[in-house]
Amino acid sequence: MEEFDKPLSAASFGGDFEWGVSTAAFQIEGAHDADGKGLSIWDVFTSQKSRVKDGHHAQQACDFYNCYTDDIKLIKELNIPNFRFSISWSRIMPTGHHPVNQSAIDHYNRVLDAMEAQGITPWITLYHWDLPHELELKGGWTNRECISWFGDYVEVIAKHFGHRVKNWMVMNEPSVFTGGGYFLGIHAPGKRGLTNFLRAVHHVTLATAAGGKILRDLISDGHIGTTFSCTYIEPATQKLKDIAAAKRVDTLLNRAFIEPILGLGYPETELPVIKKMAKYILPGDVEAAAFDFDFIGIQCYTREVVKHSFFTPYVGAALVKAEKRGVPTTEMHWEVHPPSIYHMLKRFDAYKGVKKILVTENGSAFPDEVVNGQVKDPKREAYLKSHLRQVLKAKNEGVNVQGYFVWTLTDNFEWAEGYHPRFGLIHVDFDTQVRTIKNSGKWYADFLKDIKKEDEDTLCYSGHGQRAPEQGA
Ligand code: FCB
């Protein structure tokens, strides 16, 4: 039977495969000024005019800061064993620097207690885009000192939580927050231009490696990773110009951030503009940027089709929009293209330095509504299943992929898009904070039931000290 004809089961990914769901502090927590929290760049960005669609902000968001006990119970109800969330730096260190805000430490300890009570394993992201505003006033990621400010924060987190959390991710998608926040100005802090971008990229790269080293030094049994966004890129035509343009975009989105971490340096041959980074690279930086992470998180949502363009500076390329191509899309206008995740898994697995991959985000946004207490979202269920089949295909071909985390638990604040795109397995009414498990959430719960059974069976076998004899043996 062909792989794609077989019924999809969680068991076919193997008993050790990590199943989870991912979130980020700024997108869900709300409680923007509770218990001594300082401002982050996203608090400031969302307060500025015309930055976010319809002026949406995240002062309440999903109120996860207050609703975490119930939301964690919902994770349990969905049979999801692993929960990825991020810590807000500006809660822990309101100015970005010492002193530490003890109420924030207490808060995250309570969140971890609630997870422990439900038997859910925490996976913490240290930086999911919400830099303390006071650090931005000093240049943020464009300032080389940001590497040591980040290091201080990582040390605080490792010392306070390292004894009870094993799974760590240093950064979330550096290409997206440096590109959006420091080149295009469409994400916080809203800076633009090549100089800001190249400086931010280099400092974030160095901070990623530095963060990994601090975690490894302070948490002896830490399982330490970092995440990258990736997009499968194809040329619009077979014309040499389009092929070359696609290669430049691919280098920028899929190679420029991971390769220095793997000790390969920046890929400047394929993307000459990166050569301009040379003035920010100090002696010893190439070595300092490398770190052997235990795992790499990849986050692939779509494919982009690229053509040559004279009008785009530095990359000389333009995207051919999905709508124009007449392909199925999500609410983000992203093409639904499941083979993309397969291709990206293959690509990242091919790097010698990548030991293991987890899909730390994958999911889709559709305009879901609650009708008679139900949310019918067949497109999300189909999206998840079709992407999982591609992950399984890669795994069966030998790619060392050992986990899959759905983006995301509840509908939440989707950055510059505000609350419009609904990515959750659980619907949120943002006026009342009422949660409704969508049909896709029920499907995921049902899908993960197998895993639970498998664990119970294993426990049962080891409880008896030996495997039950085969039938008829
Ligand atoms: C990723 C982000 C995540 C979310 C999803 C849809 O790029 O890491 O916070 O916005 O996209």
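The values are calculated or read from the model by the stated rules, or taken from the named source; none is laboratory data. What you see is a predicted model; the values in this text were computed from it and never measured. FYI the Cβ positions are ideal-geometry reconstructions off the backbone, even for glycines, and counts take in every protein chain you see. Surface accessibility is based on the protein's heavy atoms, side chains included, excluding ligands, DNA and RNA. Shrake-Rupley method; radii C 1.70, N 1.55, O 1.52, S 1.80 Å.
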Going highest first, how would you order 227-239, 427-439 by mean Cβ packing within 10 Å? 227-239, 427-439
Specify the inter-centroid distance of region 110-138 and region 291-341, based on alpha-carbon positions, in whole Å. 28 Å
In order through region 31-40: 3J(HN,Hα) via Karplus (6.51 cos²θ - 1.76 cosθ + 1.60), integer Hz, x for Gly, Pro: 6, 5, 10, 6, 6, x, 4, x, 6, 10
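When ranked by the protection proxy of mean other Cβ atoms within 10 Å per residue, highest first, what sequence do the peptides 357-365, 130-138 form?
Values: 357-365: 25.0, 130-138: 21.3.
The most tightly packed comes first, giving 357-365, 130-138.
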Among the aspartates and glutamates, which fall within straight-line cross-link reach of LYS346, defined as a Cα-Cα distance under 15 Å, with same-chain neighbours fewer than 8 residues apart omitted? ASP250, GLU397
5 angstrom amide H check on TRP129, placed H, neighbours 5+ away: ASN172
Length-normalised contact order of the chain, Cα under 8 Å, at least 6 apart, in percent, tallies to 17 percent
Given +1 on the Cβ of Lys and Arg, -1 on the Cβ of Asp and Glu, and no further charges, what dipole in debye does the chain carry about its Cα centre, rounded to the nearest 20? 1480 debye
If you take every DSSP beta bridge whose two residues both sit in region 18-467, what share of them, in percent to the nearest 5, is antiparallel? 25 percent
Loop-only check: which GluC sites (Glu not before Pro) in region 1-67 are DSSP coil with at most 11 other Cβ within 10 angstrom? GLU2
Determine which aspartates and glutamates satisfy two conditions relative to LYS438: a Cα distance under 13 Å, and not lying fewer than 8 residues away in the same chain. GLU77, ASP368, GLU369, ASP377, GLU381, ASP411, ASP429, ASP446
Diffing region 332-338: the Karplus 3J(HN,Hα) column from phi (6.51, -1.76, 1.60, θ = phi - 60°), in whole Hz with x for Gly and Pro, holds 7, 6, 8, 5, 8, 9, x
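Length gain on complete extension for the stretch GLU287 to LEU240, per 0.36 nm per residue less the alpha carbon to alpha carbon distance?
Numbers: separation 47, 0.36 × 47 = 16.92 nm, distance 3.54 nm.
13.4 nm is the gain from fully extending GLU287 to LEU240.
Using only DSSP helix segments of four residues or longer, with each worth -39500 (n - 2.57), what per-residue ellipticity at 222 nm results for the chain after dividing by its residue count and rounding to 500? It would help to have the intermediate numbers written out before the result.
On the way: 16 runs with 175 residues, N = 473.
The per-residue figure over the chain is -11000 deg cm²/dmol.
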Taking the dipole about the Cα centre of the chain, with the C-beta of Lys and Arg at +1 and of Asp and Glu at -1, give me whichever of VAL370, GLN390, TYR127 is farthest to the positive side. GLN390
With a 1.4 Å probe and all protein chains left in place, how much of the accessible area of the chain comes from carbon and sulfur atoms, in whole percent? 52 percent
Per-peptide average of other Cβ atoms within 10 Å, ordering 293-305, 266-278 highest first: 293-305, 266-278
Where in the chain are the DSSP H helices whose alpha-carbon span along the long axis reaches 30 Å or more and whose Kyte-Doolittle mean is at least 0.0? 194-218
Which lysines does LYS166 reach when only Cα atoms under 19 Å apart count, and residues fewer than 8 places away in its own chain are ignored? LYS213, LYS355, LYS356
At 1.4 Å probe radius, can you tell me the per residue accessible area of the chain in Å²? 42 Å²
